Structure formats: structure tokens, C-alpha cells
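As C-alpha cells, the structure follows; a few thoughts come after it.
Every number here is computed from the coordinates shown, using simple stated rules; none is lab data. Remember, predicted model here, so these are calculated numbers, not experimental data. Virtual Cβ from ideal backbone geometry, glycine too; neighbours counted across all protein chains shown.
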Amino acid sequence: MKTLMTTAALALCASGAMAEDLRMSWWGGDSRHAATQAALEICSEKHGHTVSPEFTGFDGYLEKLTTQMAGGTEADLVQVNWPWLPLFSRNGDGFLDLNTVADTVDLSQWTPEQLAAVTLNGQLNGLPLSTSGRVFFFNMTTLAEAGIDVPTTWDEFYAAAETLRSVNGDDYTLFNAVKETAQLLVTLSVVQKTGKDLVDPETNRVAWTVEELAEGIEFYGHLVEIKAIRSMQEDAAAGNVNLFEKPEWAQGMIAGSYEWDSTYNKYAGPLNEGQVLQAVNPVRFDDAVVDGIYAKPSMFFAISANSEHPQAAAEILNCLLTEAEGIDALGDTRGLPASAVAAARLTESGAIDPNVVAANAIVMSATGPTISPFNEHPEVRGTFIDTLEEYAYGLISAEDAAEIIIEGANDVLGAFDS
Amino acid sequence: MTSRRFLGLGYLAPYIIGLLVFTLVPFLASLYLSFTDYNLMSAPTWTGLENYIDLFTNDRTFRRSLTVTLIYVFTTVPLKLAFALFIAYILNYRLRGINFFRTAFYVPSILGGSIAIAVLWRYIFATNGLVNMGLVGLGFEPVNWFGDPTNALFTITLLRCWQFGSAMVIFLAALQSIDKSLYEAASIDGATKFTSFVFITIPLLTPVIFFNLIMQMVQAFQEFNGPYIITQGGPLKSTYLLPLYIYDEAFKRFDMGYASAIAWVLFVIIMVLTLIAFWSSKKWVFYAGDKRS
């Protein structure tokens, strides 16, 4: 204990900083909680500060952070989901501008593109933790048993869906697509055909035409029609259970999905023994302009604009993301790190699951437009999913659905006009 | 005397402070916010009646949610009260092991509000859940409970009705307080069990029915856990009760002003229906010592 206190005191003298009491908040699962607490303990000791952890699951975190931000009581260091950036930092001043602590934080570990994704009005709002994207996962065991090769085009995908059902029976479906995943499959198809993201960065309005989006919605309808995916009615009837909790997924009766690369283990874990899940290259239309998979900075660490100790918070932030002790302790609990030094160190030491690395490589090599955070604005996403549901239940046509979605999204985007 | 008065106030202080800070202030603040545009991140801006005008003229989701909420309340409350009274009536008999049954029937109310039970409900009514297994076993077709908009609300209603324990206990206490000599006299006069129930039990229970009606109605209007966990308001907003809409507007769309306006509309609806119930109670609620014939 005496040694520990001496080390802390020496570190304190060396850094010339005051010992400060800080708070840090994040969301995650048990492994992330344990790793982050361990990393905070190490970095606190190294820099002579104390950091109180505040952590929860993802559900409810946004509500909690919103309430704290509204009251100016958020933690000194906060983990923020990237799509929330425009919500909390409309003018770029929602979080501390990290350029003001650039002498403490080694910003050279991030590419200019990575930093641009978290910069608003010239103010660097945070540091990206990883680049995450949706990839195609297939249950290779199920496909092999049915004699199906991994589809690379949508025509092959349609044929594979039919083969799977004819070989294994009507209880088998090739793919999963509900709620957000259904929305992102529609998005994928439109992006592949047009090369455009939902939002045009120049005009800050929807870039797609009604016809383009309607075609994407009809693509989704076709997948249901040929029973390549289950209908929304069928999925709701099953109790809206998460895919990885479904017995049909564990048994390989649903043979694939379009999920975040970093969630490989979440989906591979529940599979019955002997079944193999693999991330594969994106399925494409023959006339696709780009791969079009949905890739974005997954989340970032920010320092509160209300923090009384921004310098101390910057020291901890730098330790977590660029110093060996912090990198080793955090590991891959937030995906493959965006910080170059962290990615290199963890990859070299074999600390990152090779399946996650492989899935992330597919994301990083895929072609497509830069994704706007407005894709995940709660109202844009809510309107998209609700309208798609109305189409899926046969209440409206694909054209009407496309018009409603575009109009709703443009209303939201219009509110952000300066 | 003065010190004793302060002592009394001291004892009451925790409640009074709690009431002021956690109920009255948010209550009044939400009234103010309902006339503003407030996204939590910047100061509220006064918009007058705009939120209310939007609610009643432009908001298709609000109309849908209000309709669903009214259907839910007007089916759940009578069903629950009838079921609670029925079970209380049975449990009022002197049967062997009656205390066990009284406890057993109350258990769902202890568990009922919990998330775990809502999750359990989701599995029971799923495609391959217990209920459909039973139906198939009896030779019926399985039912799409959550995927069909007409059935989804019914499953949420059933969950609330299943939690009849608190109303049942109150009915049971009231039943036990009815003077047995009234039934004996009616029996001597040739009354059947049914006529005794209709002309003795029901009139003497009306104060308790009235109490349960108000309490259950207010609770039903505030239902959140069941639809939030089981159906997330779907499909097609068929279980999208107003409290879910308030929550989504406030914490998912960050429109606290609009959410406050919906909350106040909900409050006014509950208040009006409660006042109607109180007004009508003069005609159908009979208290001990009542001189009406």
C-alpha cells in the first residue's frame, strides 16, 4: 500500500498536475464493465487521479445521459454513441473541444477522416473508439448441409433461399431482417443502386428520390415474398425476441443476418455446438455502384463541457486510448480500436478475436458513401421503421411509404438548418 | 404548544418536502413546458398553444394512441373488476385450504408489475408458446397473438386482468363485512343465491366497487410496462398506449414540450372520467346509513 501511495505521489509530481476526482460514464455488457473499471484503476493510479465509474446497459443510457446533459451534471468523461452527436452538440459546443487539450491527448493516433466524423463547427467533440459496420453473417454449417455456396449476388441469394427451404423444409429461412435490420437492408439496397447515402451532405436533405427508395422497399417486400426472410407479422408473433435469443437461430434454422461486425460473438455464442458463423463479403446487385454496407464511427469518448477538471480528464482519456496500460486493460471491449497505436498493439498481441478482426476488415474495405448521423436520428429512424411496418402489413404501397419516409426525414433535417 | 406544533411539522416534513419537490414542482413544470418547445439541450422557448393545436389537428399517432388507450381502459377495467369480484366471491366460502387459495390468487398482483412477468407473458403467447401449444393440443389452429393488431391489445389486457389480486382482496374484505343475517332472511323469503347476489351483495358492495373502479381506471390509463416490454407498442401501434407515446416523445425524440402536452391531455381525460364517476356515483353507490330507498 505504501509503495502504491509513493508511486502515485511520484507520478503526481512527475505530471505536475493536481490529483482530481473525476467521473466517467459508459454503457456496455459485463466484459466491458470489468475491463473499463480495470483500465480506470490503472490510469487513475498512473496519473494520480481518482475516477468514479458510472455504468449501465445500453437501454436507458441515452435517457440518463440526456437528463444529465440537460442539467449539466454529466460525468467528466462520457461514452457517447456517434449518432447522438447532433442531439447533444447541435452547434459543436456540447462537449469540450479536444483541440484545447491537444498537448495532453495524442490526436495523431486518429486519421483526419476519423476526427472529422466527430468534429462539428471546427470543434473536436470526442475521440472515436472504433469504426463499426453491418456485415453479412452466415451459418456456414446450415449452408453446407443444404449444399449452398455463400451468395455473392442478390440473384444467388434468392436462389439460395429457395434451395434452403426445399432441402431443409419451410421452417428454414436464409436470412433475418426485422425492425432496424429490415430498415438497414432497404438502405443497403438503395445505396448499392445509387451510391448515395440517405442524407445529401451538401443540402442536408434526403438524397434519394421517391422512386429510388420505393425500389428499395419493394426489394424488402420481395425478400418476404420468396420467404428469404420472415415477415414482420411472423416475427412479431414470435414475441419480438432478439435474434440471438431465438431457438431457430441457435439451431441454424435462420441461416444468416446483417449485423454489426463487433457483435460476432453475440451471434456466434448461442449457436449449437459444431455450427460455424462467418462474416462474408457483402451481397451485391449485378449493377451495384458500391458495396453500400452501413459503416460509421461506432461511439466516442468525450470530455464534458462542464467538467471542472478538463486537463485531468484529458490525461485519463489519453491513457485509456493511447497508452499501453490503458490499451491492454480495455482490450477489444469496444471493437477493433480506432486509435492506431491501440489497434496495432492489440492485433500484435493477439488480444482481438480473429473473427472480429475479419468482420471489421470487410467493413473497412467496403465501398460506399459517408454515412450521416441523421440516419440514426430517433425521429428519422422511427418514421422509417414505422412506415416500413405499414408497408409490410399491406396498408400502404411502396411509393406511399417512400414519400412518407422522405417527407418525415426532410422535416427533421429542416429543423437543423442554421 | 408551539414546540409540539413544530415537532409535528418536523415529522411531516419528509412527506411534505417529497410532495413539493418530486410531485408538485414537476407537475407545474410540465404544465409550463407543455406550452414550450423544449429539447432538453437548450432553454425552452414559449410557443403558446402550438403543441396542443398540433396534437389535435396534425398528429395521426396521437389520435391512434388515444383510441387504443381508451379501448384498453374500457375493456380492462370492467373485465378486471368482474373477475376480481368473481374470485373474491368464491374465496369468501369456507372451504378447506381457503387461506392457501387466497394467497395463491393474490400472488400475480405482487409479481404482476414486474418486468420478468411481462417477459414471461411474451413467451407464453409466442407462436410456439404455452397458449398456442394448448390450443393445438385441443385441435384448434394456433393464434398469432402479437403479430395481429387485433389480438395484440387483447394479450396486454389479459396481463392486466391477471393482476386482479389487489381489487380482489378489497372485495373479499367487503364481502366478509356483509351481515350474514341478510342472506338468511332472504333465504327464508325464498331468494336464490343469484337473487341474493344481485339484490344484497352488489348493492352493499357498491362503495367498494366505486373505489376499485377509480383506482383501476387511473392505473390502466398509466399502463406502461406491459406494452413496452411485450410489444413495444406494435404491431402498427395497436398497443401504443399514451404513456408509451409520452415516453418516446420525451426521451427518444427529445421533445419534452410536446410530451408534456400529451401528459396534460391524459391528465385531463383521467380527471374528467373520475369526475363523471363521482357524479354518477350518487345514483348507484349506496353507503351504510343511506336513507335512499
Kirkwood hydrodynamic radius of the protein assembly as shown, from inverse mean 1/r over distinct Cα pairs, in Å: 29.2 Å
Work out the charge dipole of the protein assembly as shown with +1 on the Cβ of Lys and Arg and -1 on the Cβ of Asp and Glu about the Cα centre, then indicate which of A:299, B:270, A:416 is farthest towards its positive end. B:270
Just tell me the longest site-free run in chain A, where the sites are GluC sites (Glu not before Pro) in a DSSP loop having at most 16 other beta-carbon atoms within 10 Å. A:1-201
Between the alpha carbon centres of the range B:88-122 and the range B:148-209 the gap in Å comes to 16 Å
Given labels modelled 7 Å from the Cα in the Cβ direction, how far is it in nm from residue B:32 to residue A:265? 4.9 nm
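Distance cut-off 28 Å, Cα to Cα: go down the list A:179/B:252; A:266/A:296; A:64/A:196; A:266/B:252; A:196/A:266 and report the pairs above it.
Pairs exceeding 28 Å: A:64/A:196; A:196/A:266.
Among A:99-108, B:99-108, what's the highest-first ranking by average C-beta atoms within 10 angstrom per residue?
Result, highest mean Cβ count within 10 Å first: A:99-108, B:99-108.
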Expressed as a whole-number percentage, the relative contact order of the range B:59-284 with C-alpha contacts under 8 angstrom and at least six residues apart is 29 percent
Within chain B, helix-based [θ] at 222 nm, where runs of 4 or more DSSP H residues each add -39,500 (n - 2.57), nearest 500: -21500 deg cm²/dmol
Please compute the contact order of chain A in relative form: average sequence separation of alpha-carbon pairs under 8 Å and at least six residues apart, divided by the residue count, as a percent. 27 percent
Using helices alone, what [θ] at 222 nm do you get for chain A, with -39,500 (n - 2.57) per DSSP H run of 4 or more residues, divided over all residues and rounded to the nearest 500? -14000 deg cm²/dmol
Filtered hits (lysines, Cα-Cα < 29 Å from residue B:80, offset >= 8 within chain) -> B:180, B:193, B:237, B:282, B:283
Using the Cα atoms of the range A:169-224, I'd like the radius of gyration and the largest Cα-Cα distance, Dmax, both in angstrom. 13.3, 49
